[in-house]
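Remarks on the structure that follows.
The values are calculated or read from the model by the stated rules, or taken from the named source; none is laboratory data. Remember, predicted model here, so these are calculated numbers, not experimental data. Here the Cβ positions follow ideal geometry from the backbone for every residue, glycine too, while neighbour counts run over all protein chains shown. We work out accessible area using only protein heavy atoms, side chains counted, and drop any ligands, DNA or RNA first. Shrake-Rupley method; radii C 1.70, N 1.55, O 1.52, S 1.80 Å.
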Amino acid sequence: MNCDCAFFIGADHKICQDYALCSGGDDSCAVVLSDGCSSSPDTDIGARLLVKAAAGSMSLIDVIPDPFESLDRYHQQTLRLAALGCNVIRLDPACLDATLMTIKANAEGFVVSCYGDGVFALLRRDGVAEIYSIDFADGYPHYLSYLLHPERHDEFEAWTSNIKHVTRQLLPRDGSEPNTRVSDAAVEFYYGSAADYLFAVAISDGIFSFTEAPQPGSPQPGRTLPLEDVLTPLLDFKNASGEFVQRRLQAFLRTCALRRWRHSDDLAMAAIYLGD
């Protein structure tokens with residue numbers, strides 16, 4: 001078992017508001033990823049506070065098929081610790097407006113959870129990747145930080161057009177169409193067995209910001225790249241030793257430069273290898 005993470009600033013950003021952390025060894029691993037909201041203050045700091053608080057709360061998560069109660073305890077403690085950090089350094093609590101994605105694994109299996117938006121890629125031992133994309137219709141995720149302010153939480157709950165969608169698709173495509181459902185859950189989570197999966201991967205929503213530049217001199221504008229076009233090379237892990245995510249992301253970004261691809265938003269990825 002091994003884990004790793006990496007994050008890179010987006011082409012349109014002055015400060016990277018994504019952050020990720022990993023820990024563990026042969027018998028258990030955990031990764032945490034946070035993506036700060038660009039329109040809230042100091043979310044580069046808030047994302048780091050959330051990740052550090054989450055890392056200190058990881059023991060609360062039970063790696064079992066129904067981890068809901070343990071995830072609730074984990075998120076509540078993470079928020080309390082992060083809010084305390086904000087208070088100590090006198091930051092606006094809105095700096096915690098950030099997605100929090102978590103994966104915890106042991107020899108038996110893994111639990112992934114997402115409070116906000118992003119993508120999980122669960123790579124099965126049969127070579128198929130299950131992709132779960134979580135997004136909000138109006139582009140405003142449900143953040144854990146809203147629980148600090150009842151009025152903000154109530155305002156979000158009253159926003160009826162900002163529907164949360166969870167889309168599942170398989171790569172390589174097997175002929176089936178992606179399946180999308182509406183969700184009113186604050187947290188999306190999934191349990192998988194180590195006997196069935198090799199990798200569990202969390203990716204920030206910067207994955208949706210990739211575009212391809214037009215040919216020089218072409219009157220056509222650049223095109224937004226489909227998710228599967230980006231994920232296929234991004235998830236092509238050559239091995240799982242050492243800093244395998246860092247190597248894969250760096251190689252992927254070199255490929256992007258050759259293909260005239262760019263990501264306007266920050267991009268973070270964290271993964272656990274469940275093999276061996």
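Of note:
- Between residue 179 and residue 251, the modelled label-to-label distance comes to 3.2 nm, taking each label 7 Å out from Cα in the direction of the beta carbon.
- The slack in the chain from residue 218 to residue 259, taken as 0.36 nm per residue of separation less the alpha-carbon distance, amounts to 13.2 nm.
- Its Cα centre serving as origin, the range 2-273 has a Cβ charge dipole (Lys and Arg +1, Asp and Glu -1) of approximately 860 debye.
- When the chain is treated as a Gaussian network with alpha carbon springs shorter than 10 Å, the biggest mean-square fluctuation among 73, 248, 173 belongs to 173.
- Spin-label proximity, residue 159 to the range 92-115 - amide N less than 14 Å from point 7 Å beyond Cα toward beta carbon: 97-99
- Estimated vicinal HN-Hα couplings, Hz - the range 7-14 in sequence order (Karplus 6.51, -1.76, 1.60; Gly, Pro = x): 8, 9, 6, x, 4, 9, 10, 8
- Legend: residues 184, 174, 265, 72, sorted from most to least accessible area (1.4 Å probe; ligands, DNA and RNA excluded), read 184, 174, 72, 265.
- Positive-pole candidate from 134, 109, 47, dipole of the chain, charges at beta carbon: 47
- Unsatisfied cross-links (Cα-Cα over 27 Å) in the set 14/238; 104/164; 14/52: 14/238
- Charge dipole (the chain, unit charges on Cβ, about Cα centre) - positive-most of 207, 153, 195: 207
- Relative to the Cα centre, the charge distribution of the range 98-238, modelled as +1 at Lys and Arg Cβ and -1 at Asp and Glu Cβ, gives a dipole magnitude of about 380 debye.
- Residues with amide H under 5 Å from that of residue 225, placed H, sequence gap 5 or more: 210, 211, 212
- Residues in the range 251-260 carry Karplus couplings, in order, of 5, 4, 5, 5, 4, 4, 4, 5, 8, 6 Hz; the curve used is 6.51 cos²θ - 1.76 cosθ + 1.60 with θ = phi - 60°, and Gly or Pro positions show x.
- Cβ-derived FRET efficiency at R0 25 Å, residue 68 paired with residue 232, nearest 0.05: 0.20
- Portion, in percent, of the accessible area of the range 2-273 that falls on carbon or sulfur, probe 1.4 Å: 52
- Residue-wise HN-Hα coupling along the range 34-48, computed from phi with Karplus coefficients 6.51, -1.76, 1.60 (Hz; x: Gly, Pro): 9, 10, x, 6, 5, 8, 9, x, 6, 6, 5, 6, x, 4, 5
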